[in-house]
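The numbers here are math on the coordinates, done by the rules we state, and not lab data. Bear in mind that the values here come from a model prediction, so they are computed numbers and not experimental data. For neighbour counting, all protein chains shown are included, and Cβ atoms are generated from backbone atoms with ideal geometry for every residue, glycine included.
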Amino acid sequence: MTLMMLLVFGVLMALALPVGYALIISAGLAAVTIGEMPSVAAVVKIFQPTQSFPLLAIPFFMLSGSLMMGGTLGKRLIHFATLLVGRFHGGLGQVTVVGSTVFGGVSGSAVAEASALGSMLIPWQKREGYPGAFAAAATASSATIACLIPPSIPLILYATVSNQSIASLFLAGILPGLMLAAGFMIVCYLSGRLRGFKRLTDEVTLKGVLRATLAAAPALGMPAFIVILLRTGIATPTEVSALAVFYGLLVSMLVYRDLTLRRIYDALVHTAVTTGVVMLVIAASNLVGYVLTVEAIPTAVAEWTAQTLQSPWMVILMLNLIMLVVGMFLDLPAAILLLGPTLAAIGSAIGLDPIQLGIMMAVNLSMGLFTPPVGTTLFIAAAISRERVGAVVRELWPFYLVAFAVLGLISFVPAFTLY
């Protein structure tokens, strides 16, 4: 039945059916065909995972990000990043990376980053003489840092399917996220120096930097606010997400004073639509998990892997290859929910820490966001820059090298995630 489910899913995806519907149809057919589940029970299986209390953190974090970034905070962040690194070689590319890192601590969504920052930074870089394809490449790659910096939505999803601590995953993702940011900034610096990109000549003063830092402080403090509350046990992840919404409302009303009813409405609509898409995939993946569990697929795969690839580093290499390939063709939330249980069983068989596996999965699958053929941030950035996707991909190769280097370190050196 698993084979039939995969075949039906592949056909439906080839017909461009949304992932959630494709999963429900293929898994539903397989579950009914097995004969051990009435159709009513299949519906219950779909509904069941949507009642998870920790999953409430997803819409709340999305809403807090929408509230904070819908006003003037985005421009303040860009101004802060510009004063910080704009005067160096490849400065505007580095501004993109710094902005994405800080924005990731507010939104937790790579797609939201690529859309919001790309619409501001890509046209600006093109006006300053930067190649449009390079500007799009910097945006598409750096947007994925949000998959690691708290409050990362992918890490929340992984915590749900693997029964791991959201707080531990958030803490483990910070260093790899900063490593990616540093590597991408080096790429921008070297590209700017070797290719003669224009440097900003505006005078930078200590007073101006301090003023810009204070203006951006609410966004800069958001990840610290989340991690401190979680690590000290003051609040659960869901409670922290609700506090984040309250924090976003206070900042918009009292600090920036740019909150309007229209912004609240837009933020609520955006959150509802995005949450609906994610929850549909979550509901469908539970039915897929049932089919796989009935046929003992995760256990069988774990046993085969342990017996065939007896060296742990070979197993880790295989896991990375699987996640990279899947991430190129499947949306990140769906990939995490589908691969999570099976890969967790394989990791357990070789003694791989599930927290380390979660960060490996986040990095692998986020690389798929800026990799053809279905890279979401890649196509968003290419559309904003009005450049061909092929031209953007050619500019992405040094960013791929950085991502692979970070992936290698977190895969084979546990200290980078288990600290």
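To the nearest ten degrees, helix 354-367 and the longest principal axis of the Cα atoms of the chain are 60 degrees apart. Working value for region 280-419: equivalent-ellipsoid semi-axes of 29, 20, 12 Å, each the square root of 5 times a Cα gyration tensor eigenvalue, largest first.
What the phi angles of region 256-266 give under the Karplus curve with 6.51, -1.76 and 1.60, with θ = phi - 60°, is a coupling list of 8, 6, 10, 7, 10, 4, 5, 5, 5, 4, 4 Hz, glycine and proline written as x. Neighbours of SER366, meaning other residues whose beta-carbon lies under 15 angstrom from its beta-carbon, give a summed charge of -2 when Lys and Arg score +1 and Asp and Glu score -1. Using the Karplus relation 6.51 cos²θ - 1.76 cosθ + 1.60 with θ = phi - 60°, the per-residue 3J(HN,Hα) values for region 187-195 come to 4, 5, 4, 5, 5, x, 6, 6, 9 Hz, with x marking Gly and Pro.
Counting only residues at least eight positions apart within a chain, or on another chain, the lysines with an alpha carbon under 16 Å from that of LYS198 are LYS126.
What's the FRET efficiency of PHE53 with ILE234 using the Cβ-Cβ distance as r and R₀ = 22 Å, to the nearest 0.05? Before the final figure, lay out each step's value.
On the way: r = 17 Å, r/R0 = 0.79.
For PHE53 and ILE234, the calculated efficiency is 0.80.
The phi-based Karplus calculation (6.51 cos²θ - 1.76 cosθ + 1.60; θ = phi - 60°) puts the 3J(HN,Hα) values of region 109-117 at 10, 5, 5, 5, 4, 4, 6, 6, 6 Hz, whole numbers, x for Gly and Pro. Highest-first packing order for the peptide set 109-115, 370-376, 123-129 is 109-115, 370-376, 123-129, based on the mean count of other beta carbon atoms within 10 Å.
Given the choices (i) 36, 24, 20; (ii) 44, 25, 18; (iii) 62, 36, 19, semi-axes √(5λ) of the Cα gyration tensor in Å derived from the coordinates of this structure is entry (i). Gyration tensor over the Cα atoms of region 94-211: the corresponding equivalent ellipsoid has semi-axes (square roots of 5 times the eigenvalues, largest first) of 30, 16, 13 Å.
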